[in-house]
Amino acid sequence: MHQLKKVFFKLAVFYSETIKSRIIIDQGTKISSKAQLKTVNGGQIFIGKYCSVHDYVQILTYGGTITIGDHCSVNPFCVLYGHGNLKIGNAVRIATSCVIIPSNHNFDDISKPIYLQGNSSQGIHIEDDVWIGAGTKILDGVTIGRGSVIGAGSVVTKDIAELTVAAGNPARFLRRRGDKKNKRI
């Protein structure tokens, strides 16, 4: 029985070290005990300094890498997947119930069920100083430029230029940040 405890302890230490190398959280970052950070089919999660990940957030790699910069917040009920890699810059605010998934199902072969056709993954890049409004969906292959604001409930299907205010389904350009003209959205 004593030998079994030793083996179990060695496995637990190995598992712990493996998890630590796959999920790296920098100083000052707070992760809710109700959030789920998990490497699925490989991949890694890196979260920078002084971030906050709130209740019921799911950050799951699905074989890709998820990188979140410094001073970011991910609010309750957000889902962030890693499939084709997800890179989030510094000082990014992600409001409640956002879904960010860098992957798509293939579906062109009508002789096969969709779930048997695999996925395609290009990745998503969210640059520094971005605010993503509540309930926004960000789809694979998108880059959101530095300093942009995405309105609540938007579906982002194409790149958003830096310093842009965009909203809608699909998200479209509303105005450029800093323009004195058309201050109201």
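The values are calculated or read from the model by the stated rules, or taken from the named source; none is laboratory data. Just so it is clear, the model here is predicted, and its values are computed rather than measured. Every residue, glycine as well, gets a Cβ built from its backbone with ideal geometry; the counts of neighbours run over all protein chains shown.
Against the conditions (1) at pLDDT below 95; (2) farther than 23 Å from Thr65 by Cα, Gly84 satisfies every one except (2).
What strands (runs of 3 or more DSSP E) completely inside region 41-131 contain at least 3 residues that are of a type in the set (Ser, Thr, Tyr) and touching a Ser or Thr at 6+ places or on another chain (Cβ under 7 Å)?
Fully inside region 41-131 and qualifying: nothing.
Return yes when Val142 is in contact with a Lys or Arg (Cβ under 6 Å, 6 or more places away or on another chain) and surrounded by 15 or more Cβ atoms within 10 Å (Cβ to Cβ) and no when it is not. No; evaluated as a whole, the condition is false for this residue. Evaluate region 31-42: report whether one residue or more is touching a helix residue (DSSP H, G or I) at 6+ places or on another chain (Cβ under 7 Å) and either free of Cβ contacts under 8 Å to residues at least 60 places away in the same chain or surrounded by 17 or more Cβ atoms within 10 Å (Cβ to Cβ) (or both). Yes, region 31-42 has at least one match.
Among residues of region 154-171 being under 18 Å from the mean Cα position of the chain (by Cα) and assigned to a loop (DSSP other than H, G, I, E, B), the one that is farthest from Ile126 (Cα to Cα) is Ser154. Considering Leu116, Leu163, the condition of being out of contact with any Leu (no Cβ under 6 Å at 6 or more places or on another chain) and surrounded by 15 or more Cβ atoms within 10 Å (Cβ to Cβ) is satisfied by Leu163 alone. Checking Gly153, Gly123 one by one, the residue that is under 21 Å from Cys78 (Cβ atoms) and without any contact (Cβ under 8 Å) to a residue 24 or more places away in the chain is Gly153 and no other. Cβ-Cβ contacts under 9 Å between residues 6 or more apart (or on different chains), taken from a first residue in region 83-111 that is free of Cβ contacts under 8 Å to residues at least 12 places away in the same chain and at negative phi to a second residue that is surrounded by fewer than 22 Cβ atoms within 10 Å (Cβ to Cβ) and not in a loop (DSSP other than H, G, I, E, B), are listed as Phe107/Ile114; Asp109/Leu116.
Only one of the numbered conditions (1) out of contact with any helix residue (DSSP H, G or I) (no Cβ under 9 Å at 6 or more places or on another chain); (2) crowded, with 23+ Cβ neighbours inside 10 Å is violated by Tyr56, and that is (2). Could you list all residues from region 74-83 that are within 11 Å of the chain's Cα centre (by Cα) and crowded, with 19+ Cβ neighbours inside 10 Å? Val74, Cys78, Leu80, Tyr81, Gly82, His83, listed by residue number.
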